1. When the chain is modelled as a GNM with alpha-carbon springs shorter than 10 Å, which of Gly34, Gly89, Gly120 fluctuates the most?
2. What length, rounded to one decimal in nm, is gained on full extension from Ile63 through to Lys223, with 0.36 nm per residue of separation minus their alpha-carbon distance?
3. Looking at the stretch 162-239, which trypsin sites (Lys or Arg not before Pro) are DSSP coil and have at most 10 other C-beta atoms within 10 Å of their C-beta?
4. Relative to the longest principal axis of the chain, what angle (0 to 90°, nearest 10) does the C-alpha long axis of helix 226-257 take?
5. Ordered by residue, what ³J(HN,Hα) values in Hz, to whole numbers, does the stretch 90-102 give under the Karplus form 6.51 cos²θ - 1.76 cosθ + 1.60, where θ = phi - 60° and Gly and Pro are x?
6. Please rank Val256, Val153, fewest neighbouring Cβ atoms within 10 Å first, as an exposure proxy.
7. Can you give me the angle between helix 144-176 and the longest principal axis of the chain, using Cα atoms only, in degrees from 0 to 90, rounded to the nearest 10?
8. What nm value, rounded to one decimal, do you get for the distance between Arg141 and Ile254 when each label is placed 7 Å out toward the C-beta?
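None of the figures in this text is laboratory data; all of them are computed from the coordinates on show. If you're wondering where the values come from, they're calculated on a predicted model, not measured in any experiment. Note: ideal-geometry Cβ built from the backbone for every residue, glycine included; neighbour counts use all protein chains shown.
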Amino acid sequence: MTSLIDTSRRTIEAPLRAVGSFFAMCLDTFRAMGRRPLQWGEFFLQAWFLVRVALIPTLLVAIPFTVLVIFTLNILLVEFGAADLSGAGAGLGSVTQIGPLVTVLIVAGAGATAICADLGARTIREEIDAMKVLGIDPIHRLVVPRVLASTVVALLLNGLVISIGLVGGFFFSVYFQNVTPGAYVSSLTFVTGLPEVVISMVKAGLFGILAGLVACYRGLTVKGGPKSVGDAVNETVVYAFMALFAVNVVVTAIGVKFGTGS
């Protein structure tokens, strides 16, 4: 009976310790962001690395996703006799949903996994321990530049996906569904304005920060050999998706509450 209780206690305590250590690393990261000097070289290197990793997947996901959402929405508008409002639908869908959701998929599926694999490989090679012995803070030296790079790249990807959504919506509305170009462009701002854009960028920024933190935490806490790095990468995808979609729901609900229409 005692052994069963101890086993149950260890089963409960392990996830709680992991969550606690994750939030402790987040706090250390935010504190380290205010320390100077910021590792600008590492920041630009990681930002370029994430762009190379995420750009092609972003294009491959954004284009068909845009076609699916905008094309289906326009079909409904045509059925209701409101084809001239296709621009309004494309603007609302691209800014509030397509941009952030594709950013979630790419940041968590491509960017975060690349960061986790990089730090995980350094961890099992004991490079992180060597840095600590030399008096170098891994949080300030490695985590902060990667979190900032992930945030900046997420914002850029969100803007790219929104642009793809608006241009793709124009192309399919005008050339496939016989909507006049003037009607499409004039209706873009009917229900989408600055508040929706701000909420969208806030979502993307939060996605970048959270995905970077999750990836860095799993990379720095890898134990074992190369197999454990692969397991950490898989866990990063799952945890990041769960956290990012939860953030998306919360921020969207806040936007709706304050009347932004997000």
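1. Of Gly34, Gly89, Gly120, the Gaussian network model singles out Gly34 as fluctuating most.
2. Working: separation 160, 0.36 × 160 = 57.60 nm, distance 3.90 nm.
Between Ile63 and Lys223, full extension yields an extra 53.7 nm.
3. Working: sites: Lys203, Arg218, Lys223, Lys227; in loops: Lys223.
Passing both the DSSP loop test and the Cβ count: Lys223.
4. On a 0 to 90 degree scale, this one is about 50.
5. For the stretch 90-102, the Karplus curve yields 5, x, 5, x, 5, 6, 8, 10, 4, x, x, 5, 5 Hz.
6. Ranked by crowding around the Cβ, least crowded first: Val256, Val153.
7. Rounded to the nearest ten degrees, it is 20.
8. Distance between label points: 3.5 nm.
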